[in-house]
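The values are calculated or read from the model by the stated rules, or taken from the named source; none is laboratory data. Everything numeric in this text was worked out from a predicted model, so none of it was measured. Every residue, glycine among them, receives a Cβ derived from its backbone with ideal geometry; neighbour counts consider all protein chains shown. The area values use the complete protein model at the heavy-atom level, side chains included, leaving out ligands, DNA and RNA. Shrake-Rupley method; radii C 1.70, N 1.55, O 1.52, S 1.80 Å.
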Amino acid sequence: MADRKTVPSLKKTPLTAAHQALGARLVEFGGWLMPVQYAGILQEHRAVRETAGVFDISHMGEFIISGPSAEAWLNAMLCNDIRAISPGHGQYTLLLNEAGGVLDDWYIYRLEDQTYLAVVNATETGKDFNWLQKKVASNVTLKNVSEEYAALALQGPQSEAILYKTFDKEIRRIRRNQIMTTPYQGQPVWVARTGYTGEDGYELFFPAELAEGLWQRLLTVGGVPAGLGARDTLRLEACYPLYGHELSETISPLEAGLGHFVSFDKPERFTGKDSLRRQKDAGLPRRLVAFEMTGLTAPPRARYAVLVDGQRVGEVTSGGVSPTLKKNLGLALIDHSHAKVGNRIDIEIRDQRRPALIVPKPFYNNLRK
Amino acid sequence: MNSHIPDNLKYVASHEWLSTQNGIATVGITDHAQAELSDVVYVELPPLGKTLAAKAPAAVVESVKAASDIYAPVSGEVVAVNSALAADPALVNRSPYEQGWMFKLKIADPGELAALLDAAAYRAKLG
């Protein structure tokens, strides 16, 4: 067994000391020192499926975009249609390059008519900001507030009850993808009903100085600390893409099965539109599929080869053991002609071909409409 | 975190332990190693009869997060594997030095045993 590497000068969230005090195992993730687990990944995974877990997601980036032209500009920068959301609502969207590859995947909220909050991947924050800053239009203000903001995700069937206990004053009930603001110790906290686990839940965005207090409060009222390890197993069961795995600059949102978030009908010619249109007309070369291993095998892992009749047809993008379903499963990007539910494929695990079956996505989802 | 390090075993810096009896070495991973890996979900064991060189990859332990190679502490032929790990891989976590043993080697060169760490030396390595 190899020792873990220690990497110097990693970025820390406002909660690093709190994680250490809980005995968390801290690891490097995209330049950040983050908790991968506290009590154990399986236990934390179960807590989110059965009660509620709390994740430090302060490494994620936040941009505030505002101004009279923000709507039209965002619609040219991002592939989903921002006009579909009114103030107090959010949507999943993607930032594309001209080739139709994915620079990043975002959640964006319309806070007010002309003000937006974008939540972006930690590892891509700098890249996204540089890309957008070069293209920023007049009457649009783009601010990177990632340093000033911290964030927590509260996820699981008991999230709503825990949220109400967290804030002293009564707070408004919101639906999936809605966002509202509520004060905590005199400062505004943005509360969005969204998440990355396949459970009901919330993500909270707030000034960094509130982080320690809110974290302790959420744990006191019943939230279970959960790390990046459980976050990954939970999102894999729910088939949510992870940037760098299911999405990259060389994978299009159409290949990743995210066509629902690409608006070809909006008036703005968004970056990547022409490439995606061509790809759609020509037929997609690859598709992202979900698969389960059919025998007793080791778990599939990212970058393992996918074979059909001994020929390589693609590779695993994410894989592992599903704690909820007790199966070995994964996502794979494979040649379109083989990407059909019910097809049998082989996964190459340490030079051995192991049988798997393509199944419908997602493996698991507990979201009520 | 204080790991359990029994005094009667030999160790390798890569966190395997070894015990010997009648020229047969029993190999597993240390308490420290199982804690680092956390939840073990699968153990891939070497085929019986395979001859392993010292420090060669011998088994693979899969935790929820990742696959880790386990190395042969000394050279030898695989004469037994712990089949109980197929049904209950978490034995490696619960009982790393007993029920979680992985494989047995018929030691090819007893001279190699001298290069292994004793409990005090392994404890010092963990710091």
### Summary
Okay, helices (runs of 4 or more DSSP H) sitting entirely in the stretch A:3-114 with 1 or more residues that are within 14 Å of chain B (Cβ to nearest Cβ) and surrounded by fewer than 23 Cβ atoms within 10 Å (Cβ to Cβ), I get A:16-21, A:41-50
### Query
Can you tell me which residue in the stretch B:7-22 is nearest to A:LEU296 (Cα to Cα), limited to those that are more than 12 Å from chain A (Cβ to nearest Cβ) and open to solvent by 20 Å² or more (accessible area, probe 1.4 Å)?
B:SER19
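Yes or no, residue by residue, for (1) crowded, with 20+ Cβ neighbours inside 10 Å; (2) assigned to a strand (DSSP E or B); (3) away from every other protein chain (no Cβ under 14 Å):
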{"position": "B:VAL41", "(1), (2), (3)": "yes, yes, no"}
{"position": "B:LEU48", "(1), (2), (3)": "no, no, yes"}
{"position": "B:ALA58", "(1), (2), (3)": "yes, yes, no"}
{"position": "B:GLU62", "(1), (2), (3)": "yes, yes, no"}
{"position": "B:VAL78", "(1), (2), (3)": "yes, yes, yes"}
{"position": "B:GLU98", "(1), (2), (3)": "no, no, yes"}
{"position": "B:TRP101", "(1), (2), (3)": "yes, no, yes"}
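Surrounded by fewer than 19 Cβ atoms within 10 Å (Cβ to Cβ) and at the interface with chain A (Cβ under 10 Å from one of its Cβ atoms): is that true of B:ALA66 in this structure?
Working: surrounded by fewer than 19 Cβ atoms within 10 Å (Cβ to Cβ): yes; at the interface with chain A (Cβ under 10 Å from one of its Cβ atoms): yes.
So B:ALA66 passes the test.
Output the number of residues of the stretch A:279-301 satisfying the condition of being touching a residue at least 12 places away in the same chain (Cβ under 8 Å) and not in a strand (DSSP E or B). Steps first, please.
Keep residues of the stretch A:279-301 that are touching a residue at least 12 places away in the same chain (Cβ under 8 Å), which gives A:279-280, A:283-295, A:297-301.
Now drop any that are not not in a strand (DSSP E or B), which leaves A:279-280, A:283-285, A:294-295, A:297-301.
Adding up the residues that qualify gives 12.
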### Message
Tell me whether the stretch B:23-33 contains one or more residues that are of a type in the set (A, V, I, L, M), under 17 Å from B:LYS125 (Cβ atoms) and surrounded by fewer than 14 Cβ atoms within 10 Å (Cβ to Cβ).
### Response
no
### Message
Can you tell me which residue is farthest from the chain's Cα centre (by Cα) among those in the stretch A:279-330 that are more than 23 Å from A:VAL48 (Cα to Cα) and small (Gly, Ala, Ser)?
### Response
A:GLY310
### Task
Working only within the stretch A:286-299, note down all residues that are more than 10 Å from chain B (Cβ to nearest Cβ) and at pLDDT 95 or above.
A:ARG286, A:ARG287, A:LEU288, A:VAL289, A:ALA290, A:PHE291, A:GLU292, A:MET293, A:THR294
### Task
Just give me the residues in the stretch A:176-191 being closer than 18 Å to A:GLN216 by Cα and not β-branched (Val, Ile, Thr), in sequence order.
A:PRO183, A:TYR184, A:GLN185, A:GLY186, A:GLN187, A:PRO188, A:TRP190
## Note on the structure
Note: among A:ARG350, A:ARG344, just one is loosely packed, with under 14 Cβ neighbours inside 10 Å and within 14 Å of chain B (Cβ to nearest Cβ), namely A:ARG350
